[in-house]
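Asks: Would you mind keeping the following structure in view while I ask a few things?
The values are calculated or read from the model by the stated rules, or taken from the named source; none is laboratory data. Quick caveat: nothing in here was measured; it's all calculated off a predicted structure. Cβ atoms come from the backbone with ideal geometry, glycine included; neighbour counts cover every protein chain shown.
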Amino acid sequence: MADEGIDAFWRLACAGAEIDPATPYDAWSFAPPPLVDLVLHGGKRATSGLAAECHDDVAGGYSVLLDAAGGPVCVIRTTSVEVASYRDVPPDFGWLEGEGDRSLRYWRLVHEPFLRERCLANGLEFADDTLVSYQRFELVWPAAPAPTLTADGREIAFASGDSVAVALVRSGLHPGHGGTLCLAGDCPNCLCVIDDVAYSRACLTPAVAGMRIERQGAGGTAVVPAVAADRAVGSRHLHCDVAVIGRGATGRAAGDEARAAGRSVIELDQLNGEEVAGVYQGPRLLVRTPSGLLHVHAVEVIVATGASEEQPVCPGSDLAGLYTAAAAEVLDGAGLLPAGTIRLGAGVRPVRFEGDGAVTGVVTLDASGVEVRQPCVGVVLDLGSHPRDSLARQGAGLPVRAVGSCAEISALPPAPAAGVVCACTGTTVDDLASVWERGFQTMELFKRATLAGTGTCQGAACLPHLRAYLAARGGDEQPAFTARPLTRQMTMMEAAAGTWHPPTRRTALHETHRALGARMERFGGWWRPWTYGDTLGEYEAVRAGVSIGDVSTLGKMLVSGPDAVGFLERIYPCPVGDLEPGRVRYALLLDERGYVFDDGVIIRDDERRFFLTFTTGGASGAEAWLRDWAEAFGCDVRLLDRTAALGAINVTGPRAAALLRRCGLDTPPAFLRTADAVVCGVPCRVLRIGFTGEPSFELHHDAGRSAELWEALMAAGAADDIRPHGLEALLALRLEKGHIIVGMDTDFDSTPRRLGMEWAVRMDKGHDFLGRDALERIDRIPLDRRLVGLEVDGDAPVEGAPLLDGGAVRGNVTSAWRSPVLGRAVLLAFADLVDGAVPPTFEVDGRTARVVDLPFLDPEGVRVRA
Amino acid sequence: MSAPEPIFCTRVVASPAALDALATDAVALRLAPDDLLLVGAVDVRPDDPDAIVCRDDGWALRRMTAAEASALVADHGDWSVPPAGIAQGALAGLPVKLLIDPAGDALLLVPRPYLADAVERLP
């Protein structure tokens, strides 16, 4: 639009706003221009720029604001211009600029880059003391409609800059049904449910158009609304040398001093929407802000939260129309202090307030002690103040110190004689007396017995009165009660901010399994395919044909070094030094108490290098276990956890070897042997094992090639009706073979003897090993129970079912499966020994379970070695 | 910022002295005195007969600026980011490694089994 267009707009505005059209004006746009929308619709009433570029800004000047296309949008009038350093940004500027969450933090976030850029353009260097022009303005034309919010279902108008509490007073509503207003966040008397968030302090919450307010009331219990899950709260961590709580004169001075000493400083102030709710070890501050939670990690914390004004305790102190001096100043500034409000002199204490709902009179004592009644519609009190030191007290023992009036010691008020002491909990002076008489006479007990100080203000209003009462009754001043986080209520969303459930790992074949229709389950910290939809078919493929399974979740470690053999001899209860390169050996892992906590295999690559596997669940602890013991033993070994780097696919079944031959493995390794080979073009370490009871070849390979290898095996096995098997089938297959699952068929105190696995321990191997001493001691004690195999006709009982013998519980089932091959249910179970022997039968699930030798299938191992 | 993507690396576990003496132009993360992670396929031969040198497919990598890394850590971790060097810790409950070079570039490495969670949790 040409200048003529802007001029025409100006003349239109002048006519509408009764301005002399000859008045000079400027025309400009924000950077970025869309900010002009915030002027019209978002309450933006300030702007700021590099002072060096803002010489022409003067109070009283008019501006036509332009949009991105240069078109005129509205007319504003500058009401004030203040030049100050970037560091000394006026505390209300975050709110007045109207951007983001309207916090000062957001203001800094967007203005620092902007000012840096402008400094660069002007050949200046940006710093904390860079001068900034802070300009406040009012919207002149078109006139903005008065914004409204809804309070207790009623639409009320408010003025720009109002807090919710002021907006309520403006509409004739006492914010919280009664009680002295401090308008400083110290008392519970203005609590409201604001936009579904209960226990919100109306005095600290800026009024925003469209807000929904329900007055809650002092001591009132809010009906906590259900909050939509999409209102998730974010969290952010900041680090600094010094965190200063409170940006009053004392706090700013403390911050300046720290900065001058070269320390990084973060300043926080609830007037900027930064409400410190707790001081934790670290120290770490938990800060509520409109945009989420802040965790401020500081080397030192300075608490400069000032003092809170004393509130009266006397009959009628819960009436509406009572104000502290500071609150009266706020209301007076907004033109809301009612005519007929009287001010009591400094230190003048009311005897009682009179009225019904709202105050109509106040009674005080004159110099001669005679009651004097003054009629009024409001009372301003000036009872002195007490340190607002809850956060400082929370930081006891931490590098947290209070400064200014927050650190000062104030005189206690006279002991209260009647009335409500703690407005949060409704505790009265009579309650205090009752508790005192029952012997609760120290501050901590007093607090617990009365609940005074446990409410939303955490003693900010009642603590001086409690201390005064105890001093009067007991004769000694007692210290304040312990302050603990939180000082403010938080929503459940805030409590959950920044927390995550433990992640579940995925193998490189995760999507492959899903594409095959697998039902994925969490097992041992991994997502694993439980079944592809036909567990029996998967089982039969293994027993009669060929199948593949994803065993990438097995723990895998490389160990090398001059002490590798000696180290592993001390780790494992089986011999290691006699293992020849290319051989595989099953091994238990014992802790120092001789209990089994994991199992796996040992593969020897060469004289000084080994490859180890661990269970899925034990993998995450295996590396730490080995590293700790290597250090403890002083062994010179290299250790590398290969669990995430290597995928593993188990090719199993009577036709597995034939399949692998077709895939390039000309000579599949014999049982318990290993070989390096290229299978389907993928380099693999091939381990011949037999967990399923059938010939099994684990193909360990680079995880990045897992999908390629899986697809190639499936394609090559199509002629054999190859199908993948899930974990459910695998658990059944291994059960028939009598193989244990550590954690499922073991308890925390399972020794090899209790598991019937003495064969996996060689006490005479010539090396000390972890758990050896314990096993020697345990073996001198008669065996009391052991893992046994049982058979039951019919379906499998549930895992965990008790073993009964003559009505007595003699053990429990650990694994169960109805075997299609055997035609009956097979079980692993812990059974108590009776007179040194396992009874031949038990009752399980109302049926007779017969003890049988393990394994259930192929006891000679013919199939697995085929 | 782009999402993390699977990469392959070279893992070298050797005596600290052998790793100290190792010369390579590859992006290197010294995870521990005896543990070195090199981004990409790198042919290195540390002076240690027992060294373990192998391809490592266990990682996903995301490139970003140091400023973006700082913001990411501030939003999802409780640790502070050093001006340069390697940092390790949890972000959004996931174990990560962060390499920041003095030029202002950063690499975020996530164990590959957590890749899907990283995409979801670290937008």
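Asks: So how many residues does the stretch B:50-70 have that are over 18 Å from B:ASP117 (Cα atoms) and either part of a loop (DSSP other than H, G, I, E, B) or within 9 Å of chain A (Cβ to nearest Cβ) (or both)?
Replies: Within the stretch B:50-70, the first condition is being over 18 Å from B:ASP117 (Cα atoms), and the residues that meet it are B:50-56, B:64-68, B:70.
Pick out the ones that are also either part of a loop (DSSP other than H, G, I, E, B) or within 9 Å of chain A (Cβ to nearest Cβ) (or both) and you get B:50-52, B:54-56.
Adding up the residues that qualify gives 6.
Asks: Could you please give the count of residues in the stretch B:75-92 that are surrounded by 15 or more Cβ atoms within 10 Å (Cβ to Cβ), away from chain A (no Cβ under 11 Å) and of a type outside the set (Gly, Ala, Ser)?
Replies: Result for the stretch B:75-92: 1.
Asks: Which strands (runs of 3 or more DSSP E) sit wholly inside the stretch A:804-866 and have at least 1 residues that are of a type in the set (Phe, Trp, Tyr) and surrounded by 14 or more Cβ atoms within 10 Å (Cβ to Cβ)? Before the answer, list the steps.
Replies: Numbers: elements: A:808-819, A:824-832, A:841-844, A:847-852.
Result: A:808-819, A:824-832, A:841-844.
Asks: Using the structure shown, decide if B:ASP47 is within 13 Å of chain A (Cβ to nearest Cβ) and part of a loop (DSSP other than H, G, I, E, B).
Replies: Working: within 13 Å of chain A (Cβ to nearest Cβ): no; part of a loop (DSSP other than H, G, I, E, B): yes.
Taking the combined requirement at face value, the residue does not satisfy it.
Asks: Next question. Identify, please: which residue in the stretch A:229-244 is more than 30 Å from A:GLU408 (Cα to Cα) and more than 14 Å from every other protein chain (Cβ to nearest Cβ) and is, among those, surrounded by the most Cβ atoms within 10 Å (Cβ to Cβ)? Working first, answer last.
Replies: The initial filter retains those residues of the stretch A:229-244 that are more than 30 Å from A:GLU408 (Cα to Cα), namely A:229-237.
When the remaining residues are screened for being more than 14 Å from every other protein chain (Cβ to nearest Cβ), the result is A:229-231.
Details: A:ALA229: 7, A:ASP230: 5, A:ARG231: 11.
That would be A:ARG231.
Asks: Here is a further query. Please work out which residue is surrounded by the most Cβ atoms within 10 Å (Cβ to Cβ), limiting yourself to the stretch A:503-526 and to residues that are part of a strand (DSSP E or B) and more than 9 Å from chain B (Cβ to nearest Cβ).
Replies: Start the filter on the stretch A:503-526 by keeping residues that are part of a strand (DSSP E or B), which leaves A:505, A:519-523, A:526.
Narrowing further to those that are more than 9 Å from chain B (Cβ to nearest Cβ): A:519-523.
On the way: A:ARG519: 16, A:MET520: 18, A:GLU521: 15, A:ARG522: 12, A:PHE523: 16.
Ranking the qualifying residues of the stretch A:503-526, first place goes to A:MET520.
Asks: Right, here's the next one. Which count do you get for residues in the stretch A:642-655 that are touching a helix residue (DSSP H, G or I) at 6+ places or on another chain (Cβ under 8 Å) and outside any strand (DSSP E or B)?
Replies: Filtering the stretch A:642-655 down to residues touching a helix residue (DSSP H, G or I) at 6+ places or on another chain (Cβ under 8 Å) leaves A:643-647, A:649, A:651-655.
So of that shortlist, the ones also outside any strand (DSSP E or B) come out as A:643-645, A:653-655.
Final tally of qualifying residues: 6.
Asks: For A:ARG673, indicate whether it is out of contact with any Ser or Thr (no Cβ under 9 Å at 6 or more places or on another chain) and either farther than 25 Å from A:LYS737 by Cβ or within 12 Å of chain B (Cβ to nearest Cβ) (or both). Talk me through it step by step, then tell me what you get.
Replies: Working: out of contact with any Ser or Thr (no Cβ under 9 Å at 6 or more places or on another chain): yes; either farther than 25 Å from A:LYS737 by Cβ or within 12 Å of chain B (Cβ to nearest Cβ) (or both): no.
Considered against the rule, which asks whether it is out of contact with any Ser or Thr (no Cβ under 9 Å at 6 or more places or on another chain) and either farther than 25 Å from A:LYS737 by Cβ or within 12 Å of chain B (Cβ to nearest Cβ) (or both), A:ARG673 comes out as no.
Asks: Another one. Pairs needed: first member in the stretch B:15-38, closer than 24 Å to A:ASP636 by Cβ; second member anywhere, polar (S, T, N, Q); C-beta distance under 7 Å; at least 6 residues apart or different chains.
Replies: Going by the 7 Å Cβ cut-off, the qualifying pairs are B:ASP34/B:SER15; B:LEU38/B:THR10; B:LEU38/B:THR24.
Asks: Considering only the stretch A:620-641, how many residues are outside any helix (DSSP H, G or I), surrounded by 14 or more Cβ atoms within 10 Å (Cβ to Cβ) and either hydroxyl-bearing (Ser, Thr, Tyr) or more than 11 Å from chain B (Cβ to nearest Cβ) (or both)?
Replies: Adding up the residues that qualify gives 1.
Asks: Which ones in the stretch B:1-44 are in a strand (DSSP E or B) and of a type in the set (Val, Ile, Thr)?
Replies: Result: B:ILE7, B:THR10, B:VAL12, B:VAL13, B:VAL39.
Asks: Tell me, please, whether a residue that is free of Cβ contacts under 8 Å to residues at least 12 places away in the same chain and assigned to a loop (DSSP other than H, G, I, E, B) can be found in the stretch A:422-438.
Replies: Yes, the stretch A:422-438 has at least one match.
Asks: Moving on. For A:TRP500, only one of the following conditions fails: (1) surrounded by 18 or more Cβ atoms within 10 Å (Cβ to Cβ); (2) without any contact (Cβ under 8 Å) to a residue 12 or more places away in the chain. What is its number?
Replies: In the conditions (1) surrounded by 18 or more Cβ atoms within 10 Å (Cβ to Cβ); (2) without any contact (Cβ under 8 Å) to a residue 12 or more places away in the chain, A:TRP500 misses (1) alone.
Asks: I've got another one for you. Taking the condition of being surrounded by fewer than 17 Cβ atoms within 10 Å (Cβ to Cβ) and either among the acidic types (Asp, Glu) or in contact with a strand residue (DSSP E or B) (Cβ under 7 Å, 6 or more places away or on another chain) (or both), how many residues in the stretch A:761-784 meet it?
Replies: The total comes to 6.
Asks: Please give the number of the condition A:ALA165 fails out of (1) buried (at least 21 other Cβ atoms within 10 Å of the Cβ); (2) assigned to a loop (DSSP other than H, G, I, E, B).
Replies: A:ALA165 satisfies every listed condition except (2).
Asks: Which one of the conditions (1) within 23 Å of A:ASN650 (Cβ to Cβ); (2) free of Cβ contacts under 8 Å to residues at least 24 places away in the same chain does A:LEU612 fail to meet, given that it meets all the rest?
Replies: It is condition (2) that A:LEU612 fails.
Asks: In the set A:LEU735, A:LEU699, A:LEU713, A:LEU659, which member is buried (at least 21 other Cβ atoms within 10 Å of the Cβ), out of contact with any helix residue (DSSP H, G or I) (no Cβ under 8 Å at 6 or more places or on another chain), assigned by TED's automatic domain parsing to the domain that holds A:HIS510 and not in a loop (DSSP other than H, G, I, E, B)?
Replies: On the way: A:LEU699 fails: out of contact with any helix residue (DSSP H, G or I) (no Cβ under 8 Å at 6 or more places or on another chain); A:LEU713 fails: out of contact with any helix residue (DSSP H, G or I) (no Cβ under 8 Å at 6 or more places or on another chain); A:LEU659 fails: out of contact with any helix residue (DSSP H, G or I) (no Cβ under 8 Å at 6 or more places or on another chain).
The unique qualifying residue is A:LEU735.
Asks: Here is a follow-up. In the stretch A:278-291, what count of residues is obtained for those that are modelled with pLDDT under 95 and not in a loop (DSSP other than H, G, I, E, B)? Can you show your working first?
Replies: So the first thing to find is which residues in the stretch A:278-291 are modelled with pLDDT under 95, and the list is A:282, A:288-291.
Now narrow it down to the ones that are not in a loop (DSSP other than H, G, I, E, B): A:288-289.
Residues meeting the conditions: 2.
Asks: Cβ-Cβ below 7 Å, separation at least six or inter-chain, first residue in the stretch A:721-735 and within 10 Å of A:ALA518 (Cα to Cα), second part of a strand (DSSP E or B): which pairs?
Replies: Short answer, once both residue conditions are applied: A:PRO724/A:SER547; A:PRO724/A:ILE548; A:PRO724/A:GLY549; A:HIS725/A:SER547; A:HIS725/A:GLY549; A:GLY726/A:PRO529; A:GLY726/A:TRP530; A:GLY726/A:THR531.
Asks: B:ALA116 - would you say it is more than 11 Å from every other protein chain (Cβ to nearest Cβ) and over 24 Å from A:ARG284 (Cβ atoms)? Walk me through it before giving the result.
Replies: Details: more than 11 Å from every other protein chain (Cβ to nearest Cβ): no; over 24 Å from A:ARG284 (Cβ atoms): yes.
No: the conditions fail for B:ALA116.
Asks: Inspect the stretch A:452-459 for any residue being aliphatic (A, V, I, L, M) and part of a helix (DSSP H, G or I) and give the result as yes or no. Break it down into steps so the answer makes sense when it comes.
Replies: Let us first name the residues in the stretch A:452-459 that are aliphatic (A, V, I, L, M), namely A:452.
Adding the requirement that they be part of a helix (DSSP H, G or I) leaves none.
For the stretch A:452-459, residues aliphatic (A, V, I, L, M) and part of a helix (DSSP H, G or I): absent.
Table: residues versus (1) surrounded by fewer than 23 Cβ atoms within 10 Å (Cβ to Cβ); (2) within 40 Å of the chain's Cα centre (by Cα).
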residue	(1), (2)
A:LEU268	no, yes
A:VAL279	no, yes
A:ILE302	no, yes
A:GLU309	no, yes
A:TYR323	no, yes
A:ALA326	yes, yes
A:ALA334	yes, no
A:ILE342	yes, no
A:VAL351	yes, no
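Asks: Is at least one residue of the stretch A:146-161 more than 25 Å from A:GLU275 (Cβ to Cβ), without any contact (Cβ under 8 Å) to a residue 60 or more places away in the chain and assigned to a loop (DSSP other than H, G, I, E, B)?
Replies: Looking for residues that are more than 25 Å from A:GLU275 (Cβ to Cβ), without any contact (Cβ under 8 Å) to a residue 60 or more places away in the chain and assigned to a loop (DSSP other than H, G, I, E, B), one finds at least one in the stretch A:146-161, hence yes.
Asks: Report yes if some residue within the stretch A:490-502 is away from every other protein chain (no Cβ under 13 Å) and in a loop (DSSP other than H, G, I, E, B); otherwise report no.
Replies: Our first condition is that a residue be away from every other protein chain (no Cβ under 13 Å); within the stretch A:490-502, this holds for A:490-495.
Within this subset, residues satisfying the condition of being in a loop (DSSP other than H, G, I, E, B) are A:490-491.
For the stretch A:490-502, residues away from every other protein chain (no Cβ under 13 Å) and in a loop (DSSP other than H, G, I, E, B): present.
Asks: Can you say whether A:SER85 is farther than 27 Å from A:VAL265 by Cα and without any contact (Cβ under 8 Å) to a residue 60 or more places away in the chain, as far as the supplied structure shows?
Replies: On the way: farther than 27 Å from A:VAL265 by Cα: no; without any contact (Cβ under 8 Å) to a residue 60 or more places away in the chain: yes.
Spelling it out, it is not the case that A:SER85 is farther than 27 Å from A:VAL265 by Cα and without any contact (Cβ under 8 Å) to a residue 60 or more places away in the chain.
Asks: B:PRO95 - would you say it is within 12 Å of chain A (Cβ to nearest Cβ), surrounded by fewer than 20 Cβ atoms within 10 Å (Cβ to Cβ) and within 13 Å of the chain's Cα centre (by Cα)? Step through it out loud before you land on a result.
Replies: Numbers: within 12 Å of chain A (Cβ to nearest Cβ): yes; surrounded by fewer than 20 Cβ atoms within 10 Å (Cβ to Cβ): yes; within 13 Å of the chain's Cα centre (by Cα): yes.
Answer is yes for this residue.
Asks: A further question on this structure: For the stretch A:245-260, which positions are over 24 Å from the mean Cα position of the chain (by Cα), within 27 Å of B:PRO82 (Cα to Cα) and either surrounded by 21 or more Cβ atoms within 10 Å (Cβ to Cβ) or of a type in the set (A, V, I, L, M) (or both)?
Replies: Pass one, the stretch A:245-260, residues over 24 Å from the mean Cα position of the chain (by Cα): A:246-260.
Within this subset, residues satisfying the condition of being within 27 Å of B:PRO82 (Cα to Cα) are A:254-260.
Of everything in the stretch A:245-260, those that are over 24 Å from the mean Cα position of the chain (by Cα), within 27 Å of B:PRO82 (Cα to Cα) and either surrounded by 21 or more Cβ atoms within 10 Å (Cβ to Cβ) or of a type in the set (A, V, I, L, M) (or both) turn out to be A:ALA254, A:GLY255, A:ALA258, A:ALA260.
Asks: Which members of the stretch A:377-417 meet the condition of being on the phi > 0 side of the Ramachandran plot, assigned to a loop (DSSP other than H, G, I, E, B) and in contact (Cβ under 8 Å) with a residue 40 or more places away in the chain?
Replies: Within the stretch A:377-417, A:GLY384 is the sole residue that qualifies.
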